[in-house]
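Enquirer: For reference, the structure I am asking about is given below.
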Amino acid sequence: MGIDHLLFFIAAGILLNLTPGPDVLYIVTNALRSGARAGVVAAFGITAGCFVHIFAAAVGVSALMAASATAFAVLKWGGAAYLVYVGLRLLLARVPAAGQSGAIDFEADQPNGSGAMALKSIFFQGFWTNALNPKVALFFLAFVPQFIPPGVENKPLAFLLLGLLFNFNGLWVNVGWALAAAWLARRVGAASTPSDERGGLIPGMHWLERAAGLMFIGFGVKLAFSDNPVN
């Protein structure tokens, strides 16, 4: 691959990662609700889920899944069910009492390590959101090979290296989404509660969570009724 093709691959990958979807929605929702640390952890979880598809595609597992209607259907329904589950959790989340933000303060001491447990939950929810989505696997199968020259001897290795590069660049885009959302939440919260030196989160955040929950359910339903594009 020439340097021009590599730069185009990087630019295309960054633009694709900037496109809002379930991943971005998950990261932004957590950052708005619980701050930058939660959003960054969500971004790392999403990225970790992508690694599953990169390694699977490099060894041919994703190609097998793309060609098998049964394998695609199993992963598709699993991914759809999980997206709906995440959406329902947001939709049915407890509304905070008056004077409470409903966010987890990861800077404060949490009893029994509940802060660390919350971050772990955020990470693994992001991981499974991506790992159970067959559309991510098919995306890598369709996108990455376009940038592998026909004369390359070790195509699986080339695929793996390009996939890792794509994921590395995507991580920082996702972290950027998290930091931007957290900054917005603090900025708006501080403007609405100037007496609080630390600032607050966006007022009415639970309504944003409800909207995000409905969108996740919509993504899940859309995935459930999607067809294998290979067939």
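The values are calculated or read from the model by the stated rules, or taken from the named source; none is laboratory data. Keep in mind the model is a prediction, meaning the values are calculated, not measured. A quick note on method: Cβ atoms are made from the backbone with ideal geometry, for glycine too, and the neighbour counts reach across all protein chains shown.
Enquirer: Within the range 1-39, how many residues are surrounded by fewer than 23 Cβ atoms within 10 Å (Cβ to Cβ), of a type in the set (A, V, I, L, M), in contact with a Leu (Cβ under 9 Å, 6 or more places away or on another chain) and farther than 22 Å from Leu132 by Cβ?
Expert: So the answer is 4.
Enquirer: For Phe147, state whether it is modelled with pLDDT under 80, more than 17 Å from Tyr85 (Cβ to Cβ), over 15 Å from the mean Cα position of the chain (by Cα) and of a type in the set (Phe, Trp, Tyr). Give the steps one after another, and end with the answer.
Expert: Numbers: modelled with pLDDT under 80: no; more than 17 Å from Tyr85 (Cβ to Cβ): yes; over 15 Å from the mean Cα position of the chain (by Cα): yes; of a type in the set (Phe, Trp, Tyr): yes.
No; evaluated as a whole, the condition is false for this residue.
Enquirer: So which residues in the range 150-165 are part of a loop (DSSP other than H, G, I, E, B) and touching a helix residue (DSSP H, G or I) at 6+ places or on another chain (Cβ under 8 Å), if there are any at all? Outline the logic, then answer.
Expert: Of the range 150-165, the ones part of a loop (DSSP other than H, G, I, E, B) are 150-154.
Listed by number, the list holds a single entry, Val152.
Enquirer: Shifting gears a bit: Kindly check whether there is at least one residue in the range 35-46 that is modelled with pLDDT under 75 and closer than 26 Å to Trp177 by Cβ.
Expert: Going through the range 35-46, the residues modelled with pLDDT under 75 turn out to be none.
Checked the range 35-46: no residue is modelled with pLDDT under 75 and closer than 26 Å to Trp177 by Cβ.
Enquirer: Considering only the range 1-30, how many residues are of a type outside the set (A, V, I, L, M, F, W, C) and at pLDDT 85 or above? Working first, answer last.
Expert: Start the filter on the range 1-30 by keeping residues that are of a type outside the set (A, V, I, L, M, F, W, C), which leaves 2, 4-5, 13, 17, 19-23, 26, 29-30.
Now restrict to residues that are at pLDDT 85 or above: 23, 26, 29-30.
Here the count works out to 4.
Enquirer: Looking at the range 216-227, which of its residues are surrounded by fewer than 17 Cβ atoms within 10 Å (Cβ to Cβ) and either modelled with pLDDT under 75 or not in a helix (DSSP H, G or I) (or both)? Quick ask: steps written out before the conclusion?
Expert: First pass over the range 216-227, keeping only residues surrounded by fewer than 17 Cβ atoms within 10 Å (Cβ to Cβ): 218, 221-222, 224-227.
Result: Phe225, Ser226, Asp227.
Enquirer: Here's something else I'd like to know. Looking at the range 168-187 only, could you name the residues that are under 24 Å from Phe51 (Cα atoms) and touching a residue at least 40 places away in the same chain (Cβ under 8 Å)? Give the steps one after another, and end with the answer.
Expert: Taking the range 168-187 first, the residues under 24 Å from Phe51 (Cα atoms) are 168-179.
Of everything in the range 168-187, those that are under 24 Å from Phe51 (Cα atoms) and touching a residue at least 40 places away in the same chain (Cβ under 8 Å) turn out to be Asn169, Gly170, Leu171, Val173, Asn174, Val175, Trp177, Ala178, Leu179.
Enquirer: Sticking with this structure for a sec: For the range 1-46, how many residues meet the condition of being assigned to a helix (DSSP H, G or I) and closer than 17 Å to Phe143 by Cα?
Expert: Step one: of the range 1-46, the residues assigned to a helix (DSSP H, G or I) are 3-18, 22-34, 36-46.
Add one more test, that the residue is closer than 17 Å to Phe143 by Cα, and what stays is 4-18.
Number of matching residues: 15.
Enquirer: I'd like to know if the range 53-66 contains one or more residues that are among the β-branched types (Val, Ile, Thr), surrounded by 18 or more Cβ atoms within 10 Å (Cβ to Cβ), closer than 30 Å to Ala158 by Cα and modelled with pLDDT of 75 or more. Spell out how you get there, then give the answer.
Expert: Of the residues in the range 53-66, the ones among the β-branched types (Val, Ile, Thr) are 54, 59, 61.
So of that shortlist, the ones also surrounded by 18 or more Cβ atoms within 10 Å (Cβ to Cβ) come out as 54.
The next check asks that each one be closer than 30 Å to Ala158 by Cα; those that pass are 54.
Add one more test, that the residue is modelled with pLDDT of 75 or more, and what stays is 54.
Yes, the range 53-66 has at least one match.
Enquirer: List, please: which pairs have Cβ atoms under 6 Å, are six or more places apart or on different chains, and start with a residue in the range 115-144 that is in a helix (DSSP H, G or I) and end with one that is among the polar types (S, T, N, Q)?
Expert: Every condition considered, the pairs that remain are Ile122/Asn30; Val136/Asn130; Ala137/Ser62; Leu141/Ser62.
Enquirer: Also, I was wondering about something else. Any residue at all in the range 92-109 that is more than 21 Å from Pro20 (Cβ to Cβ) and modelled with pLDDT of 75 or more? So that I can check it myself, show each step before the final result.
Expert: Initially, the range 92-109 is screened for residues more than 21 Å from Pro20 (Cβ to Cβ), giving 92-109.
Now narrow it down to the ones that are modelled with pLDDT of 75 or more: 92.
Checked against the condition, which is being more than 21 Å from Pro20 (Cβ to Cβ) and modelled with pLDDT of 75 or more, the range 92-109 yields at least one hit.
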